[in-house]
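Notes for the one structure printed next.
Read-outs throughout are calculated quantities, based only on the coordinates presented, and are distinct from any laboratory measurement. Values in this document were obtained by computation on a predicted structure and should not be read as measured data. Reconstructed Cβ throughout: ideal geometry from the backbone, glycine too, with neighbour counts over all protein chains shown.
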Amino acid sequence: MPPPITDQLSFSDAEFTGKRKGTRREVFLAAIDQAIPGAKIEAVIEPVYPKAGNGRRPYPLSKMLRVHFLQQWYSMSDLVTKEALHEIASMRKFARLSLTQGAIPDETTILNFRHLLDRNGLTNQILIAVNVHLADEGLMLRQGSIVDASIIDVPSSTKNSAGERDPDMHQTRKGNE
């Protein structure tokens, strides 16, 4: 059960708010935070959202909805969304989460929320509601991406197991290198 969240700033949150200039992501999330009709969308989801009392207390709907928005806008998997919330202060701030007060939803919680929306046919309703509201405000939302790069070991040889050069493998040269 996540501990209750208070309005007191943590040291990392206080350091984040003291920055002079915001990044493009910070500026975008601050602007969209003011433009999103959260209460209207939450009212649509509220009837099907789990209530406290049966097992683990659910995360507040408003926070999970904001996490869902981040996941959709930046084309992130459930795991990458969780990791981004741990690593990127502007995303935590938008989702109204804190590393020191409460807990960051894990990938299963994020997945279950997404499945809840899909199961009840709410994903398209939310998307339409957000786009209509933003259009009324004179804003447009485009999808972005966060790239998740992995480092893998590869064999140093360009030859296959038969000891021959792979016909699909090509070498390139830039200048004398």
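Quick notes
- In Hz, Karplus ³J(HN,Hα) per residue of region 61-78 (6.51, -1.76, 1.60; θ = phi - 60°; x = Gly, Pro): 4, 4, 5, 5, 5, 5, 4, 4, 4, 4, 4, 6, 5, 9, 6, 10, 6, 4
- Of the residues H68, P37, T109, the one whose Cα sits farthest toward the positive end of the charge dipole of region 11-136, with +1 on the Cβ of Lys and Arg and -1 on the Cβ of Asp and Glu, is P37.
- Restricting attention to region 11-136, lysine pairs at least eight places apart or on different chains and with alpha-carbon atoms under 14 angstrom apart total 4.
- Given in Å, the Rg to one decimal and the Dmax to the nearest whole number for the Cα atoms of region 53-101 are 11.2, 33.
- Over region 11-136 - Rg/Rh using Cα atoms and the Kirkwood inverse-distance radius: 0.96
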